[in-house]
1. For the subset of segment 124-143 comprising residues that are assigned to a helix (DSSP H, G or I) and open to solvent by 100 Å² or more (accessible area, probe 1.4 Å), which member is modelled with the lowest pLDDT?
2. The conditions are (1) more than 14 Å from Ala5 (Cα to Cα); (2) in contact with a strand residue (DSSP E or B) (Cβ under 9 Å, 6 or more places away or on another chain), and Ile55 fails exactly one of them. Which is it?
3. Return a yes/no flag: does segment 144-166 have any residue that is within 30 Å of Asp22 (Cβ to Cβ) and either in a helix (DSSP H, G or I) or modelled with pLDDT of 80 or more (or both).
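The values are calculated or read from the model by the stated rules, or taken from the named source; none is laboratory data. Nothing here was measured: the structure is a model prediction, and the numbers come from that model. In this analysis, Cβ positions are derived from the backbone assuming ideal geometry, glycine residues included, and neighbour counts consider all displayed protein chains. The accessibility values were calculated without ligands, DNA or RNA, using every heavy atom of the protein model including side chains. Shrake-Rupley method; radii C 1.70, N 1.55, O 1.52, S 1.80 Å.
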Amino acid sequence: MKILAVDDDQLQLDMLTAILNDAGYSDVTTVTSGALALHELNNPNATFDSILMDIQMPELDGIELCKIVRLMPKYQTTPIIMITAMSEKSYIDNAFLAGATDYVTKPFDKMELVTRIKIALKLNSSNRAVKKLRDQIEAERHFEIDSPVTIENIPGVVDAAILVFRV
């Protein structure tokens, strides 16, 4: 799993990286601003499975960054977990309105954080599987309106070929 962590505090990023590595997530990219995060997210050679971000950052805060990320087709369903010291209800509400998947306040419990990341990743994986199955069913259900449809094994249904009028 490839994770992007965004925080203007390098110490927080180092701590997050260590926690994620201990949990088995070794592919972690860290950036110290929203602008650098957008640069990474727009890289065509990189796709992130989860994004962790702080709210309070200079220039582009986490709420605005989250809104921008949700507009990117590639990341519309990617789990975004806000990790922030902002615990007021208005911040939490705004984060979820912007498209955040989850919200963790600092200081955080490392077990809780890792569990929330695992749950978000499993949920996203399940959602992708459901979408793939839905698309497959839709593709198989498609038929041309002018094409005859054969209905079999239903009592009382007469085949259309029998109903052909002969003169």
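1. Arg141
2. In the conditions (1) more than 14 Å from Ala5 (Cα to Cα); (2) in contact with a strand residue (DSSP E or B) (Cβ under 9 Å, 6 or more places away or on another chain), Ile55 misses (1) alone.
3. No; the residues of segment 144-166 include none that is within 30 Å of Asp22 (Cβ to Cβ) and either in a helix (DSSP H, G or I) or modelled with pLDDT of 80 or more (or both).
Residues are listed down the side, and each one gets a yes or a no for (1) in contact with a Leu (Cβ under 7 Å, 6 or more places away or on another chain); (2) hydroxyl-bearing (Ser, Thr, Tyr); (3) within 15 Å of Thr101 (Cα to Cα):
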{"residue": "Ala37", "(1), (2), (3)": "yes, no, no"}
{"residue": "Phe48", "(1), (2), (3)": "yes, no, yes"}
{"residue": "Met53", "(1), (2), (3)": "yes, no, yes"}
{"residue": "Gly62", "(1), (2), (3)": "no, no, yes"}
{"residue": "Cys66", "(1), (2), (3)": "no, no, yes"}
{"residue": "Leu71", "(1), (2), (3)": "no, no, yes"}
{"residue": "Tyr75", "(1), (2), (3)": "yes, yes, yes"}
